1. Checking the condition aliphatic (A, V, I, L, M), crowded, with 18+ Cβ neighbours inside 10 Å, farther than 30 Å from Ala238 by Cα and touching a strand residue (DSSP E or B) at 6+ places or on another chain (Cβ under 6 Å), which residue from Leu83, Leu114, Leu96 passes?
2. Here are some residues: Leu43, Leu50, Leu12. Which one is assigned to a helix (DSSP H, G or I) and modelled with pLDDT of 95 or more?
3. Within the range 160-174, is even one residue farther than 22 Å from Leu50 by Cα, touching a Gly at 6+ places or on another chain (Cβ under 6 Å) and touching a residue at least 40 places away in the same chain (Cβ under 8 Å)?
4. Hey, could you check the range 48-80 for residues that are aromatic (Phe, Trp, Tyr) and under 20 Å from Leu169 (Cβ atoms) and say which is surrounded by the most Cβ atoms within 10 Å (Cβ to Cβ)?
5. Just the residues that are surrounded by 14 or more Cβ atoms within 10 Å (Cβ to Cβ), assigned to a helix (DSSP H, G or I) and out of contact with any Lys or Arg (no Cβ under 7 Å at 6 or more places or on another chain), please, taken from the range 19-36.
6. Among Thr227, Thr222, which is of a type in the set (Val, Ile, Thr), modelled with pLDDT of 75 or more and closer than 19 Å to Ala177 by Cα?
7. Provide a single number: the residues in the range 87-136 that are within 29 Å of Ser258 (Cβ to Cβ) and in a loop (DSSP other than H, G, I, E, B).
8. Please enumerate the residues belonging to the range 148-190 that are more than 16 Å from the chain's Cα centre (by Cα) and part of a loop (DSSP other than H, G, I, E, B).
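The values are calculated or read from the model by the stated rules, or taken from the named source; none is laboratory data. Model, not experiment: these values are computed from the prediction. Quick reminder, even Gly has a Cβ in these numbers, built from the backbone with ideal geometry, and neighbours come from all protein chains shown.
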Amino acid sequence: MMRSVAAEVDRLVWAIGDETRARHQRHELTACNALSPATFGTLVNLVPLLDDLTERFVRRRYIYRPPEALDRFFAEMINGGYLSQRGNALEPSPRLGKVATEVHATTCQIARDLWSDQVATVHAVSVTARAVLERSPARDGLVRTALAAAEPVDELHRLFQRLTGLRLLRNEAHVDAWRSIGLQPTDVEALTHAWVGSTLQAPLVPSARLDNMGLASEGDVTVAGITCRQGIEDKTDAGVAEAFAPINLGEFLGQLRSLPGVPQR
């Protein structure tokens with residue numbers, strides 16, 4: 001059931017993120033027009049955290065991205081005058097402030113388009129999400145940074161931010177799980193493609209590390225590799241279980257499923 005909750009949280013967060021990026025590509029977000037699609041896509045989930053953003057956080061948040069892709073993100077943001085860097089801290093400029101204001105307004109409007117007729121459910125889910133986040137372990141600080149961020153006044157928009165925090169909670173537990181057995185991001189992606197339920201679009205070549213661990217052989221993931229990937233997911237569930245322990249998981253899942261992921265036209 002924990003995995004089903006994660007899938008519903010993903011669905012709702014992606015609904016708003018995808019629509020925000022679509023509006024950027026249609027040039028409806030005028031302050032953001034100078035940003036490349038890739039950089040804007042990375043920025044969308046970071047906007048609520050700009051006041052406490054560090055390079056370490058961004059690289060940890062997007063641990064599955066190739067390092068060179070994140071290097072391009074930082075270069076565009078710094079060279080474009082959106083961010084300055086002081087040690088590990090990233091300081092937003094007034095120019096980025098205009099972008100953040102427009103992204104906030106857009107995500108708020110999309111949240112209203114999605115959930116304005118579900119106010120009671122939105123409130124219940126939002127309160128539960130906050131309670132879960134407040135019980136999350138410290139780990140690498142992703143959730144703690146999200147908790148420290150100023151929350152939107154609008155409850156519909158606030159729900160989006162809290163659901164994003166729940167994704168960070170699972171992200172931290174997931175990374176802990178595969179790091180504990182000595183895997184790298186590319187290893188996990190290769191195993192995920194072979195694992196039942198994978199959503200990856202193209203196969204990835206397993207690494208020599210996977211071969212040496214008996215998780216892959218001659219370019220194919222082994223039965224042991226698939227079992228290992230399932231074990232990673234089980235460890236991930238265990239890693240978030242304490243934070244979710246006080247809530248009625250079935251009720252929460254039902255509430256999440258009742259929220260639409262496509263704006264009403």
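1. Numbers: Leu114 fails: touching a strand residue (DSSP E or B) at 6+ places or on another chain (Cβ under 6 Å); Leu96 fails: touching a strand residue (DSSP E or B) at 6+ places or on another chain (Cβ under 6 Å).
Selected residue: Leu83, the only one of Leu83, Leu114, Leu96 that is aliphatic (A, V, I, L, M), crowded, with 18+ Cβ neighbours inside 10 Å, farther than 30 Å from Ala238 by Cα and touching a strand residue (DSSP E or B) at 6+ places or on another chain (Cβ under 6 Å).
2. Values: Leu43 fails: modelled with pLDDT of 95 or more; Leu50 fails: modelled with pLDDT of 95 or more.
Of Leu43, Leu50, Leu12, the one residue that is assigned to a helix (DSSP H, G or I) and modelled with pLDDT of 95 or more is Leu12.
3. In the first step, residues of the range 160-174 are kept if they are farther than 22 Å from Leu50 by Cα; the result is 173-174.
Checking the rest, the ones that are also touching a Gly at 6+ places or on another chain (Cβ under 6 Å) come to 173.
Next, only the ones that are touching a residue at least 40 places away in the same chain (Cβ under 8 Å) stay: 173.
Yes: one or more hits.
4. So the first thing to find is which residues in the range 48-80 are aromatic (Phe, Trp, Tyr), and the list is 57, 62, 64, 73-74.
In the following step, the residues that additionally are under 20 Å from Leu169 (Cβ atoms) were identified as 57, 62, 64.
Numbers: Phe57: 21, Tyr62: 18, Tyr64: 13.
Applying the filter and picking the extreme gives Phe57.
5. Keep residues of the range 19-36 that are surrounded by 14 or more Cβ atoms within 10 Å (Cβ to Cβ), which gives 19-21, 23-24, 29, 31-32, 34-35.
Still in the running and assigned to a helix (DSSP H, G or I): 19-21, 23-24, 31-32.
Passing the criteria: Glu19, Thr20, Arg21, Arg23, His24, Cys32.
6. Working: Thr222 fails: closer than 19 Å to Ala177 by Cα.
Exactly one residue qualifies, and that residue is Thr227.
7. So in the range 87-136, the residues within 29 Å of Ser258 (Cβ to Cβ) come out as 103-136.
Adding the requirement that they be in a loop (DSSP other than H, G, I, E, B) leaves 116-118, 135-136.
Result for the range 87-136: 5.
8. Ala150, Glu151, Pro152, Val153, Asp154, Ser180, Ile181, Gly182, Leu183, Gln184
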